[in-house]
Amino acid sequence: MIPAYREDMEDYPDVAEEVIRMYGYDHVIPAFMPTAQVTLGGLNLRQQTERKIKEVLCAAGAYEGIHYSFFSPADLDLLRFPEDAPERHAIRLINPINVDLSLMRTTLASEMLYAIARNQKKGILEGRIFELGNIFIAKELPLTEYPDERETLCAGVFGEDESFFTIKGLAETVAYALDVKFTYKPAQKPFLHPYQTAEVFCDGQKIGYLGQVRYEICDELDMRVPAYVMELDLRVLSQWYGKDRVFTQFQNLMMRREILLLLWTRISHVSRLKTVSGKPVIMSQMLHCLMFTRVYSFLRIRRAWRTV
């Protein structure tokens, strides 16, 4: 029992400190724990790769954003998902803070659109944002086991000077960081422009999508400039984490070099060819073709000499 007059003591660590003080610090013998080991800290492969992705996106002019892991049922309506869409198979919280945070998010696109809209309302009419977060996929509802938390990358760009190829460029930036190659195929998404939407593939596996946000959704969010979004499944991409970069040797290239020579006019062209290509031997091995293209005469050079 802590005495009432000891207002400086709140919990058991304070009691332990008081016991040691009364017992005497001189009697305390410092020692390592029997199982203690000195280890070297660091980042694992996943952390290193995600940091690399963030660095290349920041180098491309994007800023990282962090949003809640919850969203609203109205967000699914905003994205025009049909009733049977997998994104509507969301986990509902038993005791949410409010209805706007009552579902575990199954996509990062809605929060990215809200972030773009908030920036535009504050007068920021161009920018690039990305987020690395989890989406929560339930195998069945109500839950009987923990949901699948899938690491996902979402990026958004907006501005009059931005285009479909800007968001595609961010995808290529991620591909370069992982040393892989992405391919693209036309696709359809209910909240994206029907003619500016593509699915992203890596080695034949679908890893995400990208495209321009529909005009009616931009109007609903009071956006003043076009917006583009991209989502990539990092769980699928993780199989290429740590891929060794392969270098190939350049093929032998034919090079053309022009050499300026100052020669006496009495030397014939045949003599010049024999002099250049005849010796030394190493010169003849490197020389595949020799021809004289121009002859110049200058007043400042003695009349008996010419440049070729």
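Return only the number of the condition from (1) assigned to a helix (DSSP H, G or I); (2) touching a His at 6+ places or on another chain (Cβ under 6 Å) that residue 216 does not satisfy.
So residue 216 meets the others, but not (2).
Just wondering, is there one or more residues in the range 40-47 that are touching a Ser or Thr at 6+ places or on another chain (Cβ under 9 Å) and among the polar types (S, T, N, Q)?
No.
Kindly check whether there is at least one residue in the range 218-228 that is of a type outside the set (Val, Ile, Thr) and under 20 Å from the mean Cα position of the chain (by Cα).
Restricting attention to the range 218-228, the residues satisfying the condition of being of a type outside the set (Val, Ile, Thr) are 218-224, 226-228.
Of the ones still in play, those that are also under 20 Å from the mean Cα position of the chain (by Cα) are 227-228.
Within the range 218-228, one or more residues are of a type outside the set (Val, Ile, Thr) and under 20 Å from the mean Cα position of the chain (by Cα).
Which of the residues that make up the range 157-180 are assigned to a strand (DSSP E or B) and more than 14 Å from the chain's Cα centre (by Cα)?
Going residue by residue through the range 157-180, those that are assigned to a strand (DSSP E or B) are 157-158.
158 - this is the single residue of the range 157-180 that is assigned to a strand (DSSP E or B) and more than 14 Å from the chain's Cα centre (by Cα).
It is to be established whether one or more residues within the range 221-228 are modelled with pLDDT under 95, of a type in the set (A, V, I, L, M, F, W, C) and surrounded by 13 or more Cβ atoms within 10 Å (Cβ to Cβ).
No, the conditions are met nowhere in the range 221-228.
If only one of 56, 28 is touching a helix residue (DSSP H, G or I) at 6+ places or on another chain (Cβ under 7 Å) and loosely packed, with under 10 Cβ neighbours inside 10 Å, which one is it? First the steps, then the outcome.
Values: 56 fails: loosely packed, with under 10 Cβ neighbours inside 10 Å.
Exactly one residue qualifies, and that residue is 28.
Looking only at the range 28-68, which residues are over 11 Å from the mean Cα position of the chain (by Cα) and basic (Lys, Arg)?
46 - this is the single residue of the range 28-68 that is over 11 Å from the mean Cα position of the chain (by Cα) and basic (Lys, Arg).
Among the residues of the range 170-183, how many are over 27 Å from residue 136 (Cβ atoms), touching a strand residue (DSSP E or B) at 6+ places or on another chain (Cβ under 9 Å) and in contact (Cβ under 8 Å) with a residue 24 or more places away in the chain?
Matching residues across the range 170-183 total 0.
When the residues of the range 74-94 are narrowed to those that are exposed (fewer than 14 other Cβ atoms within 10 Å of the Cβ) and not acidic (Asp, Glu), which ends up nearest to residue 234 (Cα to Cα)?
Within the range 74-94, the subset exposed (fewer than 14 other Cβ atoms within 10 Å of the Cβ) is 74, 77, 82-84, 86, 89, 92-94.
Going one step further and asking which of them are not acidic (Asp, Glu), we end up with 74, 82, 86, 89, 92-94.
On the way: 74: 26, 82: 25, 86: 18, 89: 20, 92: 24, 93: 25, 94: 29 Å.
Applying the filter and picking the extreme gives 86.
Give me the residue from the range 137-156 that is free of Cβ contacts under 8 Å to residues at least 24 places away in the same chain and part of a strand (DSSP E or B) and, out of that set, surrounded by the most Cβ atoms within 10 Å (Cβ to Cβ). If you could, list the steps in order and put the result at the bottom.
Our first condition is that a residue be free of Cβ contacts under 8 Å to residues at least 24 places away in the same chain; within the range 137-156, this holds for 139-140, 142, 144-146, 148-149.
Now restrict to residues that are part of a strand (DSSP E or B): 148-149.
Numbers: 148: 12, 149: 14.
Result: 149.
Of everything in the range 110-152, what is among the aromatic types (Phe, Trp, Tyr) and within 30 Å of residue 222 (Cα to Cα)? Give them in sequence order.
Here is the first cut: in the range 110-152, the residues among the aromatic types (Phe, Trp, Tyr) are 114, 130, 136, 146.
Scanning the range 110-152 gives 114, 130, 136.
When both residues are 6+ apart or on different chains and their Cβ atoms are under 7 Å apart, which pairs have a first residue that lies in the range 56-75 and is free of Cβ contacts under 8 Å to residues at least 24 places away in the same chain, and a second that is aromatic (Phe, Trp, Tyr)?
Sorted first by the residue in the range 56-75, then by its partner, the list stays empty.
Kindly indicate whether any position in the range 181-195 is buried (at least 18 other Cβ atoms within 10 Å of the Cβ), more than 13 Å from the chain's Cα centre (by Cα) and closer than 11 Å to residue 228 by Cα.
Just the residues of the range 181-195 that are buried (at least 18 other Cβ atoms within 10 Å of the Cβ), to begin with: 182, 189, 191-192.
With the extra rule that they be more than 13 Å from the chain's Cα centre (by Cα), the set shrinks to 189, 191-192.
Next, only the ones that are closer than 11 Å to residue 228 by Cα stay: 191-192.
Yes - at least one qualifying residue is present in the range 181-195.
Return the residue satisfying two criteria in turn: it lies in the range 229-260 and is surrounded by 10 or more Cβ atoms within 10 Å (Cβ to Cβ) and assigned to a loop (DSSP other than H, G, I, E, B), and of such residues it is modelled with the lowest pLDDT. If you could, list the steps in order and put the result at the bottom.
Step one: of the range 229-260, the residues surrounded by 10 or more Cβ atoms within 10 Å (Cβ to Cβ) are 229-243.
From what's left, assigned to a loop (DSSP other than H, G, I, E, B): 241-243.
Numbers: 241: 93, 242: 89, 243: 84.
Checked the range 229-260; the qualifying residue modelled with the lowest pLDDT is 243.
Is it fair to say residue 121 is out of contact with any Phe, Trp or Tyr (no Cβ under 9 Å at 6 or more places or on another chain) and surrounded by 14 or more Cβ atoms within 10 Å (Cβ to Cβ)?
Criteria not met by residue 121.
Return the pair list, or none, for Cβ contacts closer than 9 Å from residues in the range 9-26 that are part of a loop (DSSP other than H, G, I, E, B) to residues that are not charged (D, E, K, R), at least 6 apart or on different chains.
9/2; 9/3; 9/15; 10/2
Within the group 64, 111, 131, 149, which residue is more than 16 Å from residue 230 (Cα to Cα) and either out of contact with any Pro (no Cβ under 8 Å at 6 or more places or on another chain) or aromatic (Phe, Trp, Tyr) (or both)?
Working: 64 fails: more than 16 Å from residue 230 (Cα to Cα); 111 fails: more than 16 Å from residue 230 (Cα to Cα); 131 fails: more than 16 Å from residue 230 (Cα to Cα).
Matching residue, one of 64, 111, 131, 149: 149.
The values are calculated or read from the model by the stated rules, or taken from the named source; none is laboratory data. Owing to the predicted nature of the structure, the values given are computational and were not obtained by experimental measurement. Reconstructed Cβ throughout: ideal geometry from the backbone, glycine too, with neighbour counts over all protein chains shown.
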